[in-house]
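**Q** The structure's right below; bear with me while I get my questions together.
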Amino acid sequence: MSWSIEYFNDRVETALLKLPKGLLARYLRLTDLMLEFGSDLGMPHTKALGNGLFELRLMGREGIARVFYCVIIEKRIVMLHVFTKKSQKTPKQVLALVKKRLKEVKK
């Protein structure tokens, strides 16, 4: 069975497709690799955050973006949230939203 990628909702998918061209290209390249090799590409591409939560790390000329995702049974990768980084730390409200969505997906 091969890997598949799903989105938490349509807004997540739309936000990803609206990323700047360079970041979108990076996202598409890394997700192609995830479909072939699995969800954990290792640093600097992916990072495990604990409790089944991961981040896809996108860097390009336009800036830096993060895509939070989880993996559920049957090799399904679920993209939970995307945001463009403007500071070193991830905002607390973003982490709270991602953890809430993670709980919903795992139910």
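The values are calculated or read from the model by the stated rules, or taken from the named source; none is laboratory data. Just so it is clear, the structure is predicted and the values come from calculations on it, not from any experiment. All Cβ positions, glycine included, derive from the backbone under ideal geometry; neighbour counts span all protein chains shown. Calculation scope for accessible area: heavy atoms of the full protein, side chains included, ligands and nucleic acids excluded. Shrake-Rupley method; radii C 1.70, N 1.55, O 1.52, S 1.80 Å.
**Q** What does a probe at Ser2 reach in the range 25-55, counting residues whose amide N is under 15 Å from the point 7 Å along Cα→Cβ?
**A** 31-39
**Q** Sequence gap at least 6, Cα distance under 8 Å: using those rules, report the relative contact order of the chain to the nearest whole percent.
**A** Averaging sequence separation for qualifying contacts and normalising by length gives 28 percent for the chain.
**Q** Could you sort out which of Lys75/Lys103; Lys21/Lys86; Lys21/Lys47; Lys21/Lys99; Lys21/Lys100 sit more than 26 Å apart by Cα distance in this structure?
**A** As for pairs spanning more than 26 Å Cα to Cα, those are Lys21/Lys99; Lys21/Lys100.
**Q** Please report the carbon-and-sulfur percent of the accessible area for the range 1-90; probe 1.4 Å, protein heavy atoms only, DNA, RNA and ligands left out.
**A** Accessible surface attributable to carbon and sulfur in the range 1-90 totals 53 percent.
**Q** Find the accessible area per residue for the range 5-56; the probe is 1.4 Å, ligands and nucleic acids are left out, and the unit is Å².
**A** Dividing the accessible area of the range 5-56 by its residue count gives 59 Å².
**Q** Say each of Gln93 and Leu35 gets a label point 7 Å from the Cα, pointing the same way as Cα to Cβ; how far apart are those two points in nm?
**A** So the label points at Gln93 and Leu35 sit 3.4 nm apart.
**Q** Mind ranking 55-62, 88-95 by how tightly packed they are, going by the mean number of other C-beta atoms within 10 angstrom, highest first?
**A** Packing order, densest peptide first, comes out as 55-62, 88-95.
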